[in-house]
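The structure appears right after this line, and notes come after that.
The values are calculated or read from the model by the stated rules, or taken from the named source; none is laboratory data. Nothing here was measured: the structure is a model prediction, and the numbers come from that model. Here Cβ is always computed from backbone atoms with ideal geometry, including for glycine, and neighbour counts include all displayed protein chains.
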2 protein chains.
Amino acid sequence: ARPRVGYFYTGKTSEQLLTENIQKLLVSDYYSRPVVVNENTSVYDAIVTMFTEDVGTIFVVDKLSLLVGVVSRKDFLRASIGKQELTSLPVTIIMTRMPNVAYCYLDELLVNVGKKLIEREIDALPVVKDSEKGLVVVGRVTKTNITKALVALHNEQMLS
Amino acid sequence: ARPRVGYFYTGKTSEQLLTENIQKLLVSDYYSRPVVVNENTSVYDAIVTMFTEDVGTIFVVDKLSLLVGVVSRKDFLRASIGKQELTSLPVTIIMTRMPNVAYCYLDELLVNVGKKLIEREIDALPVVKDSEKGLVVVGRVTKTNITKALVALHNEQMLS
């Protein structure tokens with residue numbers, strides 16, 4: 001519905017309103033499905049998965065589907081210009097492993113995820129749920145999701 | 001200066017104000033310096049440049065410093081798991097070449113860049129200036145810059 005224009009008064013500055021709109025952006029509205037490989041996967045097979053799924057970051061899970069690590073395109077590129085045989089190198093050797101992996105939850109603010117991505121200089125975070133035995137991977141959030149959120153904030157009004 | 005609160009009346013909806021704030025974000029406020037290699041560079045040397053400069057996208061220029069192509073980490077990864085000798089493979093073989101390269105200008109809206117990145121499924125655009133002979137590369141804009149813009153929009157108010 002088109003909001004009624006000309007009768008808007010809240011006693012707030014436009015910057016406050018902007019902040020409130022950004023505060024409404026949650027991970028649950030913008031996350032993507034996760035792409036995971038088992039911890040026994042070779043670097044070569046993980047690279048193939050990265051290309052077939054067309055993602056920049058892959059999550060590594062154990063047999064209980066719990067998060068054990070993260071591998072990025074940069075990690076894969078570093079490994080692939082090295083001298084190792086990629087088909088016999090386990091992905092666990094080149095991944096960033098728990099507890100050094102940054103992650104987030106579905107009900108977290110998207111702008112918080114943006115801060116973590118920038119601070120850590122990474123492209124994606126796993127979205128997790130807590131379980132008794134560890135963290136279960138339920139999604140991923142990337143700089144692409146955040147870019148889409150900014151474009152959507154802009155489009156909502158242009159189209160209304 | 002702290003805006004005066006409680007006397008704000010514009011006859012605009014909060015969504016309109018949000019759009020106006022996003023419309024103020026220009027490429028010139030958020031771009032990064034470009035990382036370029038000459039078109040005679042090998043794929044191997046370009047990968048080394050990517051790691052030493054810690055960027056995800058490299059621009060390829062000719063001897064007049066005009067844009068001829070773009071190479072991403074994904075292009076490099078594809079090449080490096082192939083059978084070619086990377087030190088003798090020219091970067092021009094694996095790059096996306098003009099006129100198929102998307103680019104932007106300093107005075108363009110950042111949200112427009114976001115749209116181009118999403119439509120083309122790429123991570124970065126070169127920022128260019130027109131010259132008589134072609135496009136001169138003056139910067140790069142990535143999804144990282146856009147993520148920083150969203151975080152900054154949010155922080156501005158939180159810190160004021």
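So B:GLY56 fits all but one of (1) more than 24 Å from A:ALA46 (Cβ to Cβ); (2) surrounded by 15 or more Cβ atoms within 10 Å (Cβ to Cβ); what number is the exception?
For B:GLY56, the exception is condition (1).
Among the residues of segment A:59-71, is there at least one that is closer than 18 Å to B:ILE81 by Cα, out of contact with any Cys (no Cβ under 9 Å at 6 or more places or on another chain) and among the hydrophobic types (A, V, I, L, M, F, W, C)?
yes
Could you list, ordered by first residue, the pairs with Cβ atoms under 8 Å in which the first is in segment B:126-143 and at negative phi and the second is in a strand (DSSP E or B) and aromatic (Phe, Trp, Tyr), at least 6 apart or interchain?
That search, which allows pairs on different chains as well, returns B:PRO126/B:PHE59; B:VAL137/B:PHE59; B:ARG140/B:PHE59.
Please go through segment A:12-33 and give me each residue that is touching an Asp or Glu at 6+ places or on another chain (Cβ under 7 Å) and at pLDDT 80 or above, ordered by number.
A:LEU26, A:VAL27, A:SER28
So, of the residues in segment B:125-160 that are in a helix (DSSP H, G or I) and over 19 Å from A:ASN145 (Cα atoms), which turns out to be nearest to the other protein chains (Cβ to nearest Cβ)?
My answer is B:GLN157.
Anything in segment A:97-106 that is touching a Leu at 6+ places or on another chain (Cβ under 6 Å) and touching a residue at least 40 places away in the same chain (Cβ under 8 Å)? List them, or say none.
A:CYS104
In the list B:ILE122, B:ILE118, which residue meets the criterion of being touching a residue at least 40 places away in the same chain (Cβ under 8 Å), within 12 Å of chain A (Cβ to nearest Cβ) and within 15 Å of the chain's Cα centre (by Cα)?
B:ILE122
Mind checking which pairs have a first residue in segment A:37-63 that is under 9 Å from A:VAL91 (Cβ atoms) and a second that is of a type in the set (S, T, N, Q) and not in a loop (DSSP other than H, G, I, E, B), Cβ under 6 Å, 6 or more apart or different chains?
Close Cβ pairs satisfying both conditions: A:VAL37/A:THR49; A:GLU39/A:THR92.
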